[in-house]
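The values are calculated or read from the model by the stated rules, or taken from the named source; none is laboratory data. No experiment lies behind these values; they were computed from the predicted model shown. Here the Cβ positions follow ideal geometry from the backbone for every residue, glycine too, while neighbour counts run over all protein chains shown.
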């Protein structure tokens, strides 16, 4: 391989890397904007950084495996999952018998999955995942709000009417 061919392949790899970086930023922003608008602990910056970081770690492990370095990309993926689990645990809070932040921790986990998907060379799937995550967050929140309204509705007897019926 000539020097020109080597630089040509580096440029091609660089284009792929830049594209993956852009998709990581976009996917992180898609999820992060939803979280930011709701005032959650994991906002736009954090979401983008989680996607970027996992994408880079997975891409590096795959590149090292191709270059002949003895590395098992699945071990790197496992370590990413462990590290992100630790990060997610940091957003879970318990106070007064209630636990908050579990959804934010799950979002951290999904952001790492999205970044890993991009790093593994599947940007379209990552965009679909990011959109799916936001869709789930929005739709399920609307369902939860509707369920709360139903619980407070007329399906439960009032205290006064029960006493009159017994009296």
Which pairs do you get when a residue that is under 18 Å from residue 51 (Cβ atoms), found in the range 74-101, comes within reach of a residue that is modelled with pLDDT of 85 or more and in a strand (DSSP E or B), reach meaning Cβ atoms under 9 angstrom, with the pair 6+ apart or on two chains? 91/100
Those residues of the range 26-41 that are part of a helix (DSSP H, G or I) and surrounded by fewer than 20 Cβ atoms within 10 Å (Cβ to Cβ) come to a total of 5
So is residue 127 surrounded by fewer than 19 Cβ atoms within 10 Å (Cβ to Cβ) and at pLDDT 85 or above or not? yes
Among the residues in the range 93-116, are any part of a helix (DSSP H, G or I) and more than 16 Å from residue 133 (Cβ to Cβ)? no
All but one of (1) closer than 25 Å to residue 23 by Cβ; (2) buried (at least 18 other Cβ atoms within 10 Å of the Cβ) hold for residue 121; state the number of the condition that does not hold. (2)
Just checking, how many residues over the range 42-73 are modelled with pLDDT under 85 and either surrounded by fewer than 17 Cβ atoms within 10 Å (Cβ to Cβ) or touching a strand residue (DSSP E or B) at 6+ places or on another chain (Cβ under 7 Å) (or both)? 10
